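S.K.: Structure incoming, see below.
All of the numbers you see were taken from the coordinates with simple rules; none came from a lab. Worth saying up front: this structure is predicted, and the values here are computed from it rather than measured. Every residue, glycine as well, gets a Cβ built from its backbone with ideal geometry; the counts of neighbours run over all protein chains shown.
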Amino acid sequence: MLAFILRRIFQSIIVLLVVGLVAFSMFTFVGDPIDNMLGQERTQADIERLRQQLGLDQPFVVQYWNFLQNAAQGNFGISYRQGRPVAEILMERAPATLELAAVSAFFAMTLGIGLGVFTAIRRDGIESNLIMGVSLIGVSLPTFLIGILLIYVFSVELDWLPSFGRGEVVDLGGWTTGFLTTSGLKALILPAITLGLYQMTLIMRLVRSEMLEVLRQDYIRFARARGLRERAVNFRHALKNTLVPVITVTGLQLGAIIAFAIITETVFQWPGVGLLFINAIQFVDIPVMAAYLMLISVMFVGINLIVDLLYFAIDPRLRVGKGKGH
Amino acid sequence: MRPLKITLALLALSLSAQAEEFRWAGQTDPQTMDPHAVSSAPVLGFLNNVYEGLVRRDAEMKIEPALATSWEPIGDGEGWRFVLREGVTFHDGAAFDADDVIFSYERASSEQSDVASWFAPVSRVEKVDAYTVDIFTTAPNPIFPDSIANWMMVDSGWAAANDTTRPDKDQGNYATLNANGTGAFRVTDRQPGLQTVLEPFDGWWGEAEHNITKATFTPIQNPATAVAALISGDVDFINPVPIQDAERLDGRDGVKVIKGIEARVIMLGFGHDHETLNFGADEGAPNPFADVRVRRAVAHAINVPAILQTIMRGNAEPASQLVSPAMRGYSDAHAERPEYDVERARALLDEAGYGDGFSFGLKCTNDRYLNDESVCQAIVSMLAQVGIEAVLESMPVRNYWPELREDAFDAFLLGWSPGTFDAEHPIRFLVATPEGNLGTWNFGGYSNARIDELLPAIQSEIDDAERQAMLDEAAAIIQDEMAYVPLYVQPLVWGARETIELVQRPDDFFILRWVRVN
């Protein structure tokens, strides 16, 4: 177990380093930050001086090495645009994204599993077919379109929910939360649906097909034959056995939710790290882009690690069958 | 009867004095609260509500007294004497006087400042008494008061106490997040990129025309979201409105669209000093744009009225020179722009030996100016009609300037908004032969000895008529030589709730003290 974890951590670090290298090799193509930092009256000499000062005249490998050295000391640099430490800016923005992701994930999981089980048990009912049909929309429509559509219906036409932003937030010592105010909660609804819809339909379809598979198994038939109640059969026996793939996918999707939040955050002007990243690209704010990409890859790698560990916890076969080449 | 009247009057009074919260959205957040750290329109425009200069611009862009009550030239054009307003206080209560002007000069002209170039003509600044300041210039400078409308005054004591005596755009300092001006509004909450809250300053020296008690600014990047926020009433004002949404938005109840023209002229530039073409099928062939007849042919081949009618939906105005008619020094004598005339264009090309046309590379932005990419596509098809093939490459502005600096173009699209609102500005930046501080945006390397001679003379001419004569001459040369093909003046489209009264200034600055919420 320990060897496994150590090996995974070592692999993760390699992945992170490669991601960073690729990211830095791309930054030159994003554009030149200098023009955004100097005004109309800049001269060629100003441009050269600033370029040198920022180290942009160095090859990207050198820039990357400098970044790593500083990052190892917990220093992610100063944002070109805001003139403030990147770590500080990310900390400010993280709560917004994490709260949104948490609500979306919760929405996607509960509704996804619930509807998945429902459509599996009543596979031929009208409701099930309707849900399956509607769920196609969730899979096929792009996120920003869903967002704009929701804004149009619920903010512009019905005027029930705010069209942008986080509403009023409460500062709990460095963590701003929208959970404690009415406007904050209202502001969460549309972005959370937009962000979670795809994941919800994905989980729903996955649970449904796994359920259908499991329900055909012999032990379910025997459970029925033993006269167990339908609910016990469906939820205790069938659902539990569908969960392994569901956890894998959900775990990976949690990472996707945070990463995909970029689009949702842009549509709803949600002040999270995704919006920050989009801004950073626009202004070629390399320190912010670098820190964000590293943060996201740390997160993805971390989630993968946790998912692997959860396998151990849920599926006893993995523990027993270790080394037997299953 | 009388008590009723009084009650009504009181009622009306209490109603008008009601808390009027105003919320507005723009596309970019002002990246700093430091008035000397970044010379960009979003920053200077926003801070004009918080800080003030010696002079300011009125609704028509004319200079009017602000922290100086009057000014006059010193002697024979050695400089300018400013008489300061007495009884002005900063938001923190400190008094404003000549020492703050001297300090603000030192701060704004320092090496760390982004606005230092405004003070390039200044030799020294002297305090005469507590409320009089002399600013000496190296040469007579008639437009100096015009050029410092955005030079904002910072309190010397406040700056010293908070260790921000110099701006710091790289690392940031206290003034990056905090502001202490003399303006009609003070910053009460600043969250970069999220929101900025302004409240009226009780101690402001001026008479408040607005009725706002609190103003909240939120950047909204996505134009569709901003429009939705305006319609649903989540914000009272947005800038800009996407030009394609303007008509639809105007038709909706409760909102209105405010249109005008900006100071920005959109033009086509050429690689004058290129030996050969860099792009297209004729890559490596001698540069046809070195021939003025070819440049004129291009000007005649572009159907500007059609571009304005279709792509700009009738919101923009054609441009005849590098500045719009609203700018000081605009040449009325050269208000004619080259007509759309395909035959003439063909004839000119024939004459220049390009009767069979040629192929070249056109560089264009796709996120800098209103509908820039569509405009370039239209130009491509218009040029095709006279046999010229333009190979279009459009890119985000963050990639654009580096390309232009490296001469990676044959012709390019450029927009120019003169920071001084004077016709001298584009001559200095776009037309003068590139060297040092001159011609820094003259990517094509256009060079004309007479222009280079006229520029310093224009800069130091005190007499308005003489100055205009020289500006007219420069305009004539630029037009005649077709150094650039001026296309149109970019439109300005704002959106507001029906209940909002405001003033739209051509520099796209949103001035809060002119806003009334009804």
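S.K.: Where nothing but the Cβ of Lys and Arg (+1) and of Asp and Glu (-1) is charged, how large is the charge dipole of the protein assembly as shown around its Cα centre, in debye to the nearest 20?
M.R.: Using Cβ point charges on Lys, Arg, Asp and Glu, the protein assembly as shown gives about 6180 debye.
S.K.: Let me check against my output: what whole-number percent is the relative contact order of the stretch B:262-491, with C-alpha pairs under 8 Å and at least 6 apart?
M.R.: Worked out over the stretch B:262-491, it gives 34 percent.
S.K.: Over all directions, how big on average is the projection of the convex hull of the alpha-carbon atoms in the stretch A:83-211, in square nanometres? Write down the numbers at each step before the final one.
M.R.: Values: hull surface 40.1 nm².
Dividing the Cα hull surface by four gives the mean projection, 10.0 nm².
S.K.: Over the Cα atoms of the stretch B:242-336, how large are the radius of gyration and the largest Cα-Cα distance (Dmax), in Å?
M.R.: Cα only, the stretch B:242-336: 18.4, 58 Å (Rg, Dmax).
S.K.: Can you tell me the length gained on complete extension of the stretch B:Glu389 to B:Asp253, counting 0.36 nm per residue apart and subtracting the Cα distance?
M.R.: Contour length minus the Cα-Cα distance gives 44.3 nm.
S.K.: Rounded to the nearest 0.05, what FRET efficiency do A:Gln52 and A:Arg231 give with R0 = 56 Å and r taken as the Cβ-Cβ distance? Could you check? Mind dumping the intermediate values first?
M.R.: Values: r = 71 Å, r/R0 = 1.26.
Computed FRET efficiency for A:Gln52 and A:Arg231: 0.20.
S.K.: If you don't mind, another one. How fast does the stretch A:150-232 diffuse by Stokes-Einstein, in µm²/s, taking the Kirkwood radius from C-alpha pairs at 10 °C and 1.306 mPa s?
M.R.: Approximately 96 µm²/s, per Stokes-Einstein.
S.K.: Please compute the alpha carbon radius of gyration of the stretch B:262-491, then divide it by the globular-protein estimate 2.2 N^0.38 Å. Two decimals is fine.
M.R.: For the stretch B:262-491, the normalised Cα radius of gyration comes out at 0.96.
S.K.: Taking a ≥ b ≥ c as the square roots of the Cα gyration tensor eigenvalues, with a/c under 1.5 meaning rounded and otherwise prolate when a/b beats b/c, else oblate, which class fits the protein assembly as shown?
M.R.: prolate
S.K.: Only Cα pairs within less than 10 Å get springs; with that Gaussian network setup on chain A, which residue of A:Phe67, A:Phe312, A:Phe118 has the largest fluctuation?
M.R.: Per the Cα network of chain A with a 10 Å cutoff, A:Phe312 tops the list.
S.K.: Here is a follow-up. For peptide B:108-118, compute the average count of partner chain beta-carbon atoms within 10 Å of each residue's beta-carbon.
M.R.: 2
S.K.: Given N residues in the stretch B:45-133, what is Rg(Cα) / (2.2 N^0.38 Å)?
M.R.: 1.11
S.K.: While we're on this one: Set Lys and Arg Cβ to +1 and Asp and Glu Cβ to -1, take the dipole of the stretch A:88-227 about its Cα centre, and tell me which of A:Thr110, A:Trp175, A:Leu149 lies farthest positive.
M.R.: Of A:Thr110, A:Trp175, A:Leu149, it is A:Thr110.
S.K.: For the stretch B:262-491, what is the charge dipole size about the Cα centre, in debye to the nearest 20, if Lys and Arg each add +1 at the Cβ and Asp and Glu each add -1 at the Cβ? Each step should come with its number before you reach the end.
M.R.: On the way: 16 positive and 37 negative charges, 129 e Å.
So the magnitude is around 620 debye.
S.K.: If each residue's Cβ is checked for other Cβ atoms within 10 Å, how do B:Arg23, B:Arg107 rank with the fewest at the top?
M.R.: B:Arg23, B:Arg107
S.K.: Could you pull out the longest piece of chain A with no exposed loop trypsin sites (Lys or Arg not before Pro) in it, calling a site exposed if DSSP puts it outside H, G, I, E, B and it has at most 12 other Cβ atoms within 10 Å? All intermediate terms of the calculation are to be shown ahead of the outcome.
M.R.: Working: sites that count: A:Arg216, A:Arg226, A:Arg229, A:Lys322, A:Lys324.
It works out to A:1-215.
S.K.: Counting pairs of alpha carbon atoms under 8 Å apart in space and at least six apart in sequence, what relative contact order in percent does the stretch A:66-163 give?
M.R.: Details: 33 pairs, mean separation 8.6, N = 98.
The value is 9 percent.
S.K.: Once you charge only the Cβ atoms, +1 for Lys and Arg and -1 for Asp and Glu, what is the size of the charge dipole of the stretch B:64-112 about its Cα centre, to the nearest 20 debye?
M.R.: Around 100 debye, computed over the stretch B:64-112.
S.K.: Pairs of alpha-carbon atoms within less than 8 angstrom and 6+ residues apart define the contacts here; what relative contact order does chain B have, in percent?
M.R.: Details: 1070 pairs, mean separation 99.2, N = 518.
Once normalised by length, the contact order is 19 percent.
S.K.: Helix B:292-301 sits at what angle to the longest principal axis of chain B, using alpha carbons and giving 0 to 90 degrees rounded to 10?
M.R.: So the inclination is approximately 70 degrees.
S.K.: Now for a different question. In a solvent-free Debye calculation with one equal scatterer on each Cα, what is log10 I(q)/I(0) for the stretch A:25-166 at q = 0.12, 0.13 Å⁻¹, listed in the order of the q values?
M.R.: Log10 of I(q)/I(0), two decimals: -0.83, -0.88.
S.K.: Compute and list, largest first, the equivalent-ellipsoid semi-axes of chain B from the alpha carbon gyration tensor, each √(5λ) rounded to a whole angstrom. Mind showing how you got there, number by number?
M.R.: Details: eigenvalues 360, 176, 83 Å².
Gyration-tensor ellipsoid for chain B: 42, 30, 20 Å.
S.K.: Taking every pair of Cα atoms in the stretch B:337-376, average 1/r, invert it to obtain the Kirkwood radius, and report Rg/Rh to two decimals.
M.R.: 1.12
S.K.: Using Cβ contacts closer than 10 Å as the measure, can you line up B:Glu453, B:Glu262, B:Glu199, B:Glu72 from fewest to most?
M.R.: Placing the least packed residue first, the sequence is B:Glu72, B:Glu453, B:Glu199, B:Glu262.
S.K.: Give or take rounding to whole Å, what are the principal axis extents of the alpha carbon atoms in the stretch B:97-151, in descending order?
M.R.: The principal-axis extents, from largest down, are 26, 26, 19 Å.
S.K.: Using 0.36 nm per residue of separation minus the Cα-Cα distance, give me the extension gain between A:Asp308 and A:Leu185 in nm, one decimal. Show your work: numbers first, answer last.
M.R.: Working: separation 123, 0.36 × 123 = 44.28 nm, distance 3.37 nm.
Using 0.36 nm per residue and subtracting the Cα-Cα distance, I get 40.9 nm.
S.K.: Follow-up question, since we're still on this one. Would you mind classifying the stretch A:41-116 by shape? Square roots of the alpha carbon gyration tensor eigenvalues, ordered a ≥ b ≥ c; an a/c under 1.5 is rounded, otherwise it is prolate if a/b is larger than b/c and oblate if not.
M.R.: prolate
S.K.: Please report, ordered by residue number, every helix of chain A (full DSSP H runs) that is 27 Å or longer along its axis going by C-alpha atoms and whose mean Kyte-Doolittle hydropathy reaches 0.5.
M.R.: A:2-30, A:86-121, A:182-215, A:240-267, A:286-314
S.K.: Taking each residue in A:37-49, count the Cβ atoms of any other chain within 10 Å of its Cβ, then average. What number comes out? Don't skip to the answer; put the middle values down first.
M.R.: On the way: counts 6, 5, 13, 13, 13, 6, 8, 6, 3, 4, 4, 0, 1.
Mean partner shielding for this stretch: 6.
S.K.: Shifting gears a bit: Sort B:Asp189, B:Asp202, B:Asp372, B:Asp273 by Cβ crowding within 10 Å, fewest neighbours at the top.
M.R.: Result, fewest neighbours first: B:Asp202, B:Asp189, B:Asp273, B:Asp372.
S.K.: A further question follows. Give the Kirkwood hydrodynamic radius (Å, one decimal) of the stretch B:391-503, defined as one over the mean of 1/r across all pairs of different Cα atoms.
M.R.: 16.3 Å is the Kirkwood radius here.
S.K.: Once the Cα atoms of helix B:98-108 and of chain B are each reduced to a long axis, what angle between those two axes, in degrees from 0 to 90 to the nearest 10, is obtained?
M.R.: Taking Cα atoms only, the helix is inclined about 40 degrees.
S.K.: Calculate how steeply helix B:449-460 sits against the longest principal axis of the alpha-carbon atoms of chain B, using the helix alpha-carbon long axis, and give the answer as 0 to 90 degrees to the nearest 10.
M.R.: In chain B, helix B:449-460 runs at an angle near 10 degrees to the longest axis.
S.K.: With n ≥ 4 as the cut-off for DSSP H runs, can you work out [θ] at 222 nm for chain B, using -39500 (n - 2.57) per run divided by the number of residues, rounded to the nearest 500?
M.R.: The per-residue figure over chain B is -7500 deg cm²/dmol.
S.K.: Evaluate Rg over Rh across chain A, taking Cα atoms for both radii and Kirkwood's formula for Rh.
M.R.: Radius of gyration relative to Kirkwood radius: 1.05.
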